[in-house]
Amino acid sequence: MGVRTNAPSFPGAGALRETGRLYSLALDVVRLTFRRPFQARELIQQFWFIASVSILPTALVAIPFGAVIALHIGSLTAQIGAQSFTGAASVLAIIQQASPIVTALLIAGAGGSAMCADLGSRTIREEIDAMEVLGVSPIQRLIVPRVLAAMGVSAFLNGMVSVVGVLGGYFFNVIMQNGTPGAYLASFSALAQLPDLWISEIKAVIFGFVAAIVASYRGLNPKGGPKGVGDAVNQSVVITFLLLFLLNLVLTTLYLQLVPAKGS
C-alpha cells in the first residue's frame, strides 16, 4: 500500500493560505519601506497617477453624499425639534464616516483596479520573475511606492471630500430646508473636536494601505492568463470593499470607546 504524500485539506484551507500570504505581503511592504534605495521617482509617478484617476470621481461623489446626509439629518431633527443640532450631526457624520469611506471606495475602485491590472500584466509577461532572477525585489521596487502613494492620495482626498461634503451639506440645509446659517455653524463648533478630524485621516490612511495591499496581492497572483488579470481586478475591488467596511466598524468602535464626546 502506497503512502499518501498529500495531507487532506479541510474546508477553508485555501482561504486561510490566501489570507496568510496577504498578511505576509503587508509585513514585507512595511519592512522594505525603510530599506535603501528608496524609489522616490516611482512614488511621485504613482502618486500623480492615482490622484489623476481618483480626484474627479471623488469630488463628484462627495457632493451628493453630503447632500443626502444633510437632507436626512435635517428632516429627522425637524421631526424631533432639534434643528439647532443639524449642523453638528451632518458635519460629524460626513467627517467621521462618509469622507473616509468615499475616499477608500474611489481609491479601491479607480486607483486600486488600475494598480492591480498593471501588476497583473507584468506578472503574466514574466517581468516579475525576471526581476527576481536579477536580484531586484519586486516588492521594494514596485509595491512599496504604490502603497505609499495610495496612502498619501487617500489622506489628501479625504480632506477634499470633507470640505466638499460639508459645503454641500451646508448649502442643502440652509437653502433647501430653510436652516439658519448661524445655528448650523454654532452647533458644529459646540460639539465637534479635533480628534474627529484625526480619526477621519487615520481611517483614510489605513484604508488606502489596505486597498493598495489587496490590489498588489491580486495583481501579483493572477490565474489563467489575460482573463485571470480581469478576474483578479474584480476580486481585488470586492475584497477591498469587504475589508474596508469591517475595518471601519472596528475603528469607529474603538474611537467611540477611547475618545470621550465633547461636553461629556
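The values are calculated or read from the model by the stated rules, or taken from the named source; none is laboratory data. Model, not experiment: these values are computed from the prediction. Cβ atoms come from the backbone with ideal geometry, glycine included; neighbour counts cover every protein chain shown. The accessibility values were calculated without ligands, DNA or RNA, using every heavy atom of the protein model including side chains. Shrake-Rupley method; radii C 1.70, N 1.55, O 1.52, S 1.80 Å.
The HN-Hα couplings worked out from phi for the range 131-138 by the Karplus form 6.51 cos²θ - 1.76 cosθ + 1.60 (θ = phi - 60°) are 5, 5, 5, 7, x, 9, 6, x Hz, whole numbers, x standing for Gly and Pro.
Helix-only arithmetic for the chain: the sum of -39500 (n - 2.57) across DSSP H runs with n ≥ 4, divided by the residue total, places the mean residue ellipticity at 222 nm at -25500 deg cm²/dmol. Hey, what angle do you get for helix 194-220 against the long axis of the chain, alpha-carbon based, 0 to 90 degrees rounded to 10? Tilt relative to the chain: about 30 degrees. The slack in the chain from residue 38 to residue 19, taken as 0.36 nm per residue of separation less the alpha-carbon distance, amounts to 4.1 nm. For the range 182-264, the normalised intensity computed at q = 0.11 Å⁻¹ comes to -0.47 (log10 of I(q)/I(0), Debye sum over alpha carbons, equal scatterers, no solvent). Relative contact order for the chain: 30 percent, from Cα pairs under 8 Å spaced at least 6 residues apart, divided by residue count. Along the range 60-65 the Karplus relation, 6.51 cos²θ - 1.76 cosθ + 1.60 evaluated at θ = phi - 60°, assigns HN-Hα couplings of 5, 6, 5, 5, x, 4 Hz to successive residues, with x for each Gly and Pro. Short-range pairs are left out: with C-alpha atoms under 8 Å and at least six residues apart, the relative contact order of the range 58-175 is 54 percent. Of the residues 50, 152, 209, the one whose Cα sits farthest toward the positive end of the charge dipole of the chain, with +1 on the Cβ of Lys and Arg and -1 on the Cβ of Asp and Glu, is 209. Using only Cα atoms, find the angle between the long axis of helix 13-33 and the longest principal axis of the chain, and express it within 0 to 90 degrees, rounded to the nearest 10. Tilt of helix 13-33: around 80 degrees. Our coupling estimate for the range 101-106, obtained by passing each phi through the Karplus curve with A = 6.51, B = -1.76, C = 1.60 and θ = phi - 60°, is 5, 4, 4, 5, 5, 6 Hz, Gly and Pro reported as x.
Can you tell me the dipole magnitude for the range 120-264 around its Cα centre, using point charges on the Cβ only (Lys, Arg +1; Asp, Glu -1), in Debye to the nearest 20? Write out the running numbers ahead of the final one.
On the way: 9 positive and 7 negative charges, 21 e Å.
Once rounded to the nearest 20, the dipole reads 100 debye.
Placing unit charges on each Cβ (+1 for Lys and Arg, -1 for Asp and Glu) gives the range 129-264 a dipole about its Cα centre, and among 247, 181, 139 the Cα reaching farthest toward its positive end belongs to 139. What is the calculated FRET efficiency for residue 171 to residue 202, with r their C-beta to C-beta distance and R₀ = 25 Å, to the nearest 0.05? E(calc), rounded to 0.05, equals 0.35. The mean sequence distance of close C-alpha pairs (under 8 Å, at least 6 residues apart), as a share of the length of the range 157-237, puts its relative contact order at 21 percent.
Given a Förster radius of 41 Å and the C-beta distance between residue 121 and residue 259 as r, what FRET efficiency does 1/(1 + (r/R0)^6) yield to the nearest 0.05? The partial results should precede the final answer.
Values: r = 44 Å, r/R0 = 1.07.
Taking R0 as 41 Å, the efficiency between residue 121 and residue 259 is 0.40.
Within the accessible area of the chain, what % is carbon and sulfur when the probe is 1.4 Å and the other protein chains stay in place?
It is 70 percent, rounded to a whole number.
When only alpha carbons of the range 5-132 are considered, Rg and Dmax amount to 22.1, 72 Å.
When the dipole is taken about the Cα centre of the chain, and only Lys, Arg (+1) and Asp, Glu (-1) are charged at their Cβ, what size is it in debye, to the nearest 20?
420 debye
The radius of gyration of the Cα set in the range 41-101, together with its Dmax, comes out at 16.4, 56 angstrom. Quick one: Debye curve from the alpha-carbon atoms of the range 132-237 only, equal weights, vacuum; give me log10 I(q)/I(0) at q = 0.15, 0.18, 0.21, 0.22 Å⁻¹ to two decimals. Log10 of I(q)/I(0), two decimals: -0.79, -0.94, -1.10, -1.15. Against the chain, whose longest principal axis is taken from its Cα atoms, helix 144-171 shows a tilt of about 20°.
Taking every protein chain into account, the accessible area of the chain amounts to 53 square angstrom per residue (probe 1.4 Å).
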